[in-house]
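Scroll down for the structure; my scribbles are underneath it.
The values are calculated or read from the model by the stated rules, or taken from the named source; none is laboratory data. From a predicted model like this one, the values you see are computed outputs, not experimental measurements. Surface areas here come from the heavy atoms of the whole protein model, side chains and all, with no ligands, DNA or RNA. Shrake-Rupley method; radii C 1.70, N 1.55, O 1.52, S 1.80 Å.
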Amino acid sequence: MHDATDPNTWGPALDEAVNTISRGGLVVLPTDTVYGIGADAFDADAVAALLAAKGRGRQMPPPVLVPDVRTLDGLATEVPDAARALVEAFWPGGFTIILRSQPSLHWDLGETHGTVALRMPDHPAALALLRRTGPMAVSSANRTGSPAAVEAAEAVEQLGDAVACYLDGGTAPGGVASTIVDATGEHLRVVRAGAISLEALREVAPVLGADEEPAG
């Protein structure tokens, strides 16, 4: 467990996390929503270890956290204008967007069917780490089916020795997972309700609720 609460003193903690990621290990990190378990997005073995730690199969690929809005076009293609408007409005923050992934990328996140879920977290420690590691595959730091961790100690209880490095940033301020919108179909659609309300999304772009049919 490494203290990552204070930017003035978290240097060694971030160094350890960066080294862990570079070796193909797993890191638990604080975000603005809940704690996440992360791996190098371009290391297939590390991503497989992340899924195994959560007790999750390849049919549930992890999202990818990015340090900057500009990363979007490096990882995704065919980004609709409405999706771009949502990203500009809610990044960094509790908003995840599913897009078509760049076909040239050499990664294996699981059964993605050519898509990728992207988010830029609004948390200083997470962003500081991502700026050094580049895009990370990050899922909520819990065993599948159990509550998401909002404290580092809760992540330790669930994930234990499967994770090499835990960054303790205090209580996750949001406590609610991100809202996920799928932008790969004809209409933008919420596939998981979360930190950003449907009403807030609709102030920016036309988005369908999870079970909503398009008008007409």
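A few notes on this one:
- Residue-normalised accessible area of the range 30-74, given per residue in Å² at a 1.4 Å probe: 35 Å²
- Close amide H pairs (under 5 Å, H built 1.01 Å from N) link residue 110 with no residue at least 5 positions away or on another chain.
- Beta bridges per DSSP with both ends in the chain, % antiparallel, nearest 5: 60 percent
- Amide H to amide H, with H built 1.01 Å from N, residue 28 comes under 5 Å of 38, 165, 166, 167, counting only residues 5 or more places away or on other chains.
- Crossing angle, helix 44-54 versus the chain [Cα axis fit, 0-90 degrees, rounded to tens]: 90 degrees
- Among the protein heavy atoms of the chain, carbon and sulfur supply 49% of the accessible surface, probe 1.4 Å, non-protein parts ignored.
- In units of the rule-of-thumb radius 2.2 N^0.38 Å, the range 95-154 shows an alpha carbon radius of gyration of 1.30.
- Computed from Cα atoms alone, the Kirkwood hydrodynamic radius reported for the range 9-82 is 14.0 Å.
- Summarising the amide proton neighbourhood of residue 64: residues at separation of 5 or more, or on other chains, whose placed amide H is nearer than 5 Å comprise 117, 118, 119, 138.
- Cα extents of the chain along the three principal axes, largest first (Å): 55, 33, 32
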